[in-house]
Amino acid sequence: MGDPRLHAVASPVDAFDTPDLHALLQDMRDTMAQLDGAGLAAPQIGVGLRVVIFGVTANPRYPDAEPVPQTVLINPVITPLAAAIDEDWEGCLSVPGLRGWVPRYRAIRYRGMNEHGQAFERSVEGFHARVVQHECDHLDGILYPMRIRDFTRFGFNDALFAERELPPEA
């Protein structure tokens, strides 16, 4: 947090299925796996492109999360499916050691391209919707603390969750 690349609007991808794009995606996958992330946006590793990856099966940082399919989402567009908002705890690999209570749309439709330039879309809700919104915010220079409404529910993991052990964040 504080790196100006995290506050910039990322540029659209216009070339798919290239060695550079595949290398970027591999770097993102390796980074996300090493840090037990649920998702990662290209700006988080210093690349200003509209590329996010996400997916959760069993993740120690999110032990209660439902599975989210491993996904590459390029040039995403998000549409809320209803006005309903849920609030829940979020953390971020770019804001290590902290968590905050963040409002997000409960149900969304997202569309975009995969790494081969094939268009797809999904309608999702719950944790899946939260992860997509969080990662796509990075593409517009938004970090989750900017979404927090009540700063009494924002703080260091060890203070907020003293009664339970959370895995370390990078």
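What follows draws every value from the coordinates through simple rules; no lab data is involved. Quick caveat, the model's predicted, so the values are computed rather than measured. Glycine gets a Cβ as well: all are built from the backbone with ideal geometry, and neighbour counts include every protein chain shown.
Run the dipole for the chain about the Cα centre, Lys and Arg Cβ at +1, Asp and Glu Cβ at -1, nothing else charged, and hand back the magnitude in debye, nearest 20. Present the calculation step by step, with values, prior to reporting the outcome.
On the way: 15 positive and 24 negative charges, 82 e Å.
About 400 debye.
Listed values for segment 61-76 are Karplus-derived 3J(HN,Hα) couplings in whole Hz (6.51 cos²θ - 1.76 cosθ + 1.60, θ = phi - 60°), namely 6, 9, x, 9, 6, 6, x, 10, x, 4, 9, 9, 10, 10, 6, x, and x replaces Gly and Pro. Summing -39500 (n - 2.57) over the DSSP H runs of n ≥ 4 in the chain and dividing by its residue number, what mean residue ellipticity at 222 nm do you reach, to the nearest 500 deg cm²/dmol? The helix-only estimate for the chain comes to -6000 deg cm²/dmol at 222 nm.
Between 0 and 90 degrees, the angle of helix 19-34 with respect to the longest Cα principal axis of the chain falls at about 20 degrees. Taking amide H as placed 1.01 Å from N in the peptide plane, the amide H of SER11 sits under 5 Å from that of LEU49, ARG50, each at least 5 places away or on another chain.
Any idea what the relative contact order of segment 4-160 is, in percent, if you count C-alpha pairs under 8 Å spaced at least 6 apart?
Values: 308 pairs, mean separation 40.2, N = 157.
Over segment 4-160, the number comes to 26 percent.
The 3J(HN,Hα) values that the Karplus relation (6.51, -1.76, 1.60; θ = phi - 60°) gives for segment 103-114 are, in residue order, x, 9, 4, 5, 9, 9, 10, 10, 9, x, 10, 8 Hz. Gly and Pro appear as x.
Since only VAL52, ALA82, LEU35 are under comparison, the one whose Cα sits farthest along the positive direction of the charge dipole of segment 4-160, derived from C-beta charges on Lys, Arg, Asp and Glu, is ALA82. For segment 99-169 and segment 13-50, what is the separation of their Cα centres, given in Å? Comparing the Cα centres of segment 99-169 and segment 13-50, I get a distance of 17 Å. Across the chain, the longest piece that holds none of the trypsin sites (Lys or Arg not before Pro) lying in DSSP loops with up to 13 other C-beta atoms within 10 Å covers 1-148. Compared with the dominant Cα axis of the chain, that is its longest principal axis, helix 126-139 is turned about 70°.
Here the 3J(HN,Hα) profile of segment 41-53, calculated from phi with Karplus coefficients 6.51, -1.76 and 1.60 at θ = phi - 60°, is 10, 3, x, 5, 10, x, 10, x, 10, 7, 9, 10, 10 Hz, Gly and Pro shown as x.
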